[in-house]
Structure formats: C-alpha cells, structure tokens
Amino acid sequence: MPAIVIGADTDLGYRVASALTRRQGEVRGFVTDPASAGPLRRLGIKVAVGDVSDGSHIAGAAHDAFTAVLMAEAAVDDRERSFASSYEALVEAWASGLKDAGVRRIIWVGADPIPPGIGTGTESASIDTGALSPDEVAAEAARLDDLAVLDGA
C-alpha cells in the first residue's frame with residue numbers, strides 16, 4: 001500500500017523513506033527543496049515538491065496513500081512556509097490535507113507527542129526521536145507501516 005513521507009528532505013525523513021522502500025508498495029516523498037528530489041528518486045521514491053504548509057499540496061501528493069509519515073522537523077525547521085503562520089496552523093493544514101487525501105494511517109516522527117487533531121479519525125502512532133537512534137526510528141516507521149492494525153503498536 002502506498003506510503004508518503006512528509007518532510008522526506010530532512011535527514012531523518014530521507015532515512016525513513018529509504019527504509020520504507022525495503023517493503024512492498026509505493027513510497028512517496030513530499031519535499032520543499034527541489035534539489036533534494038534526486039537522491040530520493042534514485043531510491044525509486046516518487047517525489048512531490050511543494051509548500052509543506054499548504055494543505056492542498058499535501059492532499060495532492062498524499063492522494064490514496066494508506067500511510068503518511070509526518071516528520072515533525074519539517075514543521076519547525078528553516079524551510080519556507082507561505083500558507084501557515086504558526087506551528088498550529090501548519091499542523092492543521094497537514095491534518096486537513098491528509099483527511100482530504102483519504103490517508104488511513106498516520107505515523108508522527110518527533111520528540112514531542114503527536115499534536116491534537118493529527119490522528120483524528122485514523123489509526124495513528126508516534127515515534128519518539130529522542131528515545132531512538134535515527135536507524136531505529138527508520139526501522140520503527142517501516143515496522144509500523146507494515147502492521148495490519150496499529151492497536152497495541
């Protein structure tokens with residue numbers, strides 16, 4: 001089943017996207033920096049370039065994806081964000097875009113807990129980047145994506 005990594009142009013996002021290519025199914029990466037697309041494409045990842053703060057960009061890239069892996073770093077790093085003036089507005093745009101796209105599973109990757117509203121109406125899990133090494137985070141994202149059901153994950 002298709003999976004998309006929002007923030008695949010972060011170091012950790014690249015590792016997660018790479019780990020997802022080792023399982024069956026399409027992997028997509030959403031990036032803000034067009035220069036980061038080449039290395040992802042060489043891994044066989046379909047890349048969409050857009051504004052990470054625009055829910056319609058997220059929705060288009062995530063259309064019919066089963067899983068969305070959200071890299072929290074992409075919500076707070078120094079990339080340009082034209083459509084969201086705050087972290088909360090960006091998270092709301094992600095939630096709205098993923099709902100519009102029909103995403104059924106969300107995996108939040110960050111040091112903080114999954115923000116309210118992100119997992120509403122979908123299966124969701126959170127990976128604490130402060131507790132695991134980058135390789136462990138990537139492996140855990142792939143493991144969670146592979147589960148039939150997230151209950152008890």
Of the residues in the range 92-147, those that are hydrophobic (A, V, I, L, M, F, W, C), over 22 Å from ARG23 (Cβ atoms) and surrounded by 15 or more Cβ atoms within 10 Å (Cβ to Cβ) number 5
Restricting the range 15-30 to residues that are at pLDDT 95 or above, out of contact with any Gly (no Cβ under 8 Å at 6 or more places or on another chain) and not small (Gly, Ala, Ser), the one nearest to ARG81 (Cα to Cα) turns out to be ARG28
Within the range 74-91, the residues that are crowded, with 18+ Cβ neighbours inside 10 Å and within 16 Å of the chain's Cα centre (by Cα) are ALA74, ALA75, LEU90, VAL91
So for the range 41-50 (the condition being free of Cβ contacts under 8 Å to residues at least 12 places away in the same chain and not charged (D, E, K, R)), does at least one residue qualify?
no
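Residue by residue, here is whether (1) in contact (Cβ under 8 Å) with a residue 40 or more places away in the chain; (2) under 24 Å from LYS46 (Cα atoms); (3) in contact with a His (Cβ under 8 Å, 6 or more places away or on another chain); (4) not in a helix (DSSP H, G or I) holds:
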site	(1), (2), (3), (4)
ALA59	yes, yes, no, no
GLY130	no, no, no, yes
ALA141	yes, yes, no, no
ALA148	no, yes, no, yes
### Query
ASP78: assigned to a loop (DSSP other than H, G, I, E, B), in contact (Cβ under 8 Å) with a residue 60 or more places away in the chain and either in contact with a His (Cβ under 6 Å, 6 or more places away or on another chain) or not aliphatic (A, V, I, L, M) (or both), yes or no?
no
Expected single match for closer than 12 Å to ARG28 by Cα and modelled with pLDDT of 90 or more among ALA61, ALA74, ALA89 is ALA61
- Query: Condition test on SER53, is it at pLDDT 95 or above and either in a helix (DSSP H, G or I) or farther than 25 Å from GLU136 by Cα (or both)?
  - Reply: no
Residue pairs within 7 Å by beta carbon, gap of at least six or interchain, first lying in the range 1-15 and more than 13 Å from ILE107 (Cα to Cα), second surrounded by fewer than 24 Cβ atoms within 10 Å (Cβ to Cβ) and of a type in the set (Phe, Trp, Tyr), listed first then second, are MET1/PHE66; PRO2/PHE66; ALA8/TYR14
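The values are calculated or read from the model by the stated rules, or taken from the named source; none is laboratory data. This one's a predicted model, so the numbers in the text were calculated from it and none came from an experiment. Using ideal geometry, Cβ is built from the backbone for each residue, glycine included, and neighbour counts are taken over all protein chains shown.
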